Amino acid sequence: MTLGLFLIPIISAFIGWFTNWIAIKMLFHPREPKKILGIAFQGIFPKNQTQFAAKLGKLVGEELLSFKDIADKITHPDNIEKVMPVVETHIDHFLRVKLVEKMPVISMFIGEKTITELKGVFMEELKTLFPTLMESYINNLQQDLDLEKIVTEKVAAFSSDKLEQILNSIMSKEFRFVEIIGAVLGFIIGLLQIGITLLHL
């Protein structure tokens, strides 16, 4: 009798852990609908994968990845300044080498001072042109690239194994925590059962 009482918390802890473990497994299994006693069962994610993909696509397309944010970041003066040294090097090479190769006669009229002045003019003009050019490019890209549709189609096309692997890689610690909590709560409930039983003896 006494041994049986002390086993109650252990059994309750096992039941708590097992029920939570089953609940987590039922997120992904069974992959396909299975009928038990005439009732169809299917894992929550496989059953709702299409709706999950649509909502995730909408979230990414409208909230997480905004073309306006991308445009603002690309056209920010600080980011334009970062690429100007590369542009200046290219323009310098063009004026000193390529232009002379294509039009040798011009080399007789373009000296170091003229090259420096031309490069300065080009650089100032490009600083003004780049933000407008990049903003136009992003706007055209937004029309051609439907992020919501791409994400929706990609997630909907995931195999159930792939989806389970992704979610487990993200939430494995949380799933383990849920299992442990089930065991702890079960153990506490078992202790309460012992207490109630002893009070009634």
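Bear in mind that the values in this text are calculations on the coordinates, not laboratory data. On a predicted model such as this, the values are computed, not experimentally measured, just so you know. Note that each Cβ is placed from the backbone with ideal geometry, even for glycine, and that neighbours are counted across all protein chains shown.
Using packing as a proxy for protection, rank 149-155, 186-192 so that the peptide with the highest average count of other Cβ atoms within 10 Å comes first.
Working: 149-155: 15.7, 186-192: 17.3.
Sorting 149-155, 186-192 by mean packing, highest first, produces 186-192, 149-155.
Listed by chain and number, the lysines placed with their C-alpha closer than 16 angstrom to that of K34 are K25, K47; residues fewer than eight positions away on the same chain are left out.
Report, in debye and to the nearest 20, how large the dipole of segment 1-138 comes out about its Cα centre when Lys and Arg carry +1 and Asp and Glu carry -1 on their Cβ.
On the way: 16 positive and 15 negative charges, 227 e Å.
The calculated dipole for segment 1-138 is roughly 1080 debye.
Projecting label points 7 angstrom from Cα along Cα→Cβ for F6 and K47 puts them 4.3 nm apart.
Grab the beta carbon distance between D69 and I115, set R0 = 30 Å, and tell me the FRET efficiency rounded to 0.05. It comes out at approximately 0.15.
Rounded to whole numbers, the Karplus 3J(HN,Hα) couplings from phi for segment 164-173 are 5, 4, 5, 5, 5, 5, 7, 10, 4, 5 Hz, using 6.51 cos²θ - 1.76 cosθ + 1.60 with θ = phi - 60°, and x at Gly and Pro.
At 222 nm, what helix-only mean residue ellipticity would the chain give, in deg cm²/dmol to the nearest 500, using -39500 (n - 2.57) for each DSSP H run of four or more?
Details: 9 runs with 152 residues, N = 201.
Here the helix-only value at 222 nm equals -25500 deg cm²/dmol.
Here the Karplus curve 6.51 cos²θ - 1.76 cosθ + 1.60, taken at θ = phi - 60°, turns the phi angles of segment 179-194 into couplings of 4, 5, 4, x, 5, 5, 4, x, 4, 5, 4, x, 5, 5, 4, 4 Hz, with x standing for Gly and Pro. Dipole orientation for segment 2-199: of the candidates P9, A156, Q49, P9 has the Cα lying most toward the positive pole (charges on Cβ; Lys, Arg +1; Asp, Glu -1).
Cα convex hull of the chain: mean projected area in nm², to one decimal?
On the way: hull surface 86.8 nm².
The Cα convex hull of the chain, projected and averaged over all directions, gives 21.7 nm².
Across the options P131, S172, Q143, the greatest Cα extent toward the positive end of the charge dipole of segment 2-199 (unit charges at beta carbon of Lys, Arg, Asp, Glu) belongs to S172.
Modelled this way, with points 7 Å down the Cα-to-C-beta line, the labels at S160 and L191 are 4.0 nm from one another. The Cβ shell under 13 Å around N20 holds other residues with a net charge of 0, Lys and Arg each +1, Asp and Glu each -1.
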